[in-house]
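Working notes, structure below.
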Amino acid sequence: MKRIVVLFSGAGSNLEYILKHLHGKELEVVAAITNNPEAGGIAIAERFGVPVEILDHRDFPSREAYDEALVRRIEAYAPDLTVLAGFMRILTPVFTERVRAINLHPSLLPRHRGLRAIEKSWEDGHPEGGVTVHWVTGELDGGEPIVQYELEKEGIESFEEYEETIRRIEKEALYEGIIRSIRLK
């Protein structure tokens, strides 16, 4: 069975989706690692019996030092794939050159890289928005797309409705992106 490590920073809703729909079926989540000691995803991983590691980026003198420690933790689990599921860190080449990883991003890349992508997408004037699962490279949100799910904005009444829909299709796209990525190995 393929092995993945999931990186997260927040509530853990994407981690929970992976654990409910893939863990123990298509693959094994061998660890969940967060940079945020207060992340809601910690309790989710523990509820599913998945080992959780907290590696607080504030405890390191530089991004490179943090990424070196993160890579060592990931490599200890020997995963086939690392999944960034709401991991809110810009990664350095220390990470991107050593870890086979995918990322979930809430826009149709190459549009709206980085933070506030959902807000930017809602306001950009394009008739559609969406989400992308892509390979992690040294370029921020610049890796080759694996999956893109498009969402027509017509008929959506508010930003809140748009954001809720994006959050829902993120999970479906992430599921498909993980399946495609582990089959490529």
Residues that are of a type in the set (A, V, I, L, M), free of Cβ contacts under 8 Å to residues at least 40 places away in the same chain and not in a helix (DSSP H, G or I), drawn from the stretch 126-185: V147, L151, I156
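Answer with yes or no whether E123 is open to solvent by 50 Å² or more (accessible area, probe 1.4 Å) and either closer than 20 Å to A11 by Cβ or within 15 Å of the chain's Cα centre (by Cα) (or both).
Working: open to solvent by 50 Å² or more (accessible area, probe 1.4 Å): yes; either closer than 20 Å to A11 by Cβ or within 15 Å of the chain's Cα centre (by Cα) (or both): no.
The answer is no for E123.
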Any hit, the stretch 67-90, residues being on the phi > 0 side of the Ramachandran plot, among the hydrophobic types (A, V, I, L, M, F, W, C) and touching a residue at least 60 places away in the same chain (Cβ under 8 Å): yes
Tally, over the stretch 92-112, of residues that are more than 25 Å from E163 (Cβ to Cβ) and surrounded by fewer than 23 Cβ atoms within 10 Å (Cβ to Cβ): 8
Breaking point among (1) within 14 Å of the chain's Cα centre (by Cα); (2) more than 25 Å from E150 (Cβ to Cβ), for L84: (2)
The listed residue being of a type in the set (V, I, T), over 22 Å from V131 (Cα atoms) and open to solvent by 10 Å² or more (accessible area, probe 1.4 Å), out of I42, I33: I42
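Of the residues in the stretch 128-163, how many are open to solvent by 70 Å² or more (accessible area, probe 1.4 Å) and within 16 Å of L104 (Cβ to Cβ)?
Going residue by residue through the stretch 128-163, those that are open to solvent by 70 Å² or more (accessible area, probe 1.4 Å) are 139-140, 144, 148, 150, 152, 154, 157, 160-161.
Filter once more, so that each one left must be within 16 Å of L104 (Cβ to Cβ): 140, 144, 148, 150.
Count: 4.
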Where V99 falls short, out of the listed (1) out of contact with any Gly (no Cβ under 7 Å at 6 or more places or on another chain); (2) outside any strand (DSSP E or B); (3) of a type outside the set (D, E); (4) over 15 Å from R89 (Cα atoms): (4)
Residue count for the stretch 58-83, restricted to those that are open to solvent by 10 Å² or more (accessible area, probe 1.4 Å) and outside any helix (DSSP H, G or I): 7
Close pairs (9 angstrom Cβ cut-off, 6 or more residues apart or separate chains): within 15 Å of V71 (Cβ to Cβ) in the stretch 1-14, of a type in the set (D, E, K, R) and not in a strand (DSSP E or B) anywhere: V5/R73; L7/R89
Residues that are among the aliphatic types (A, V, I, L, M) and either open to solvent by 60 Å² or more (accessible area, probe 1.4 Å) or in contact (Cβ under 8 Å) with a residue 24 or more places away in the chain (or both), drawn from the stretch 45-54: A45, V50, I54
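The values are calculated or read from the model by the stated rules, or taken from the named source; none is laboratory data. From a predicted model like this one, the values you see are computed outputs, not experimental measurements. When we count neighbours, we look across all protein chains shown, and the Cβ atoms used for this are built from the backbone with ideal geometry, even at glycine. Surface areas here come from the heavy atoms of the whole protein model, side chains and all, with no ligands, DNA or RNA. Shrake-Rupley method; radii C 1.70, N 1.55, O 1.52, S 1.80 Å.
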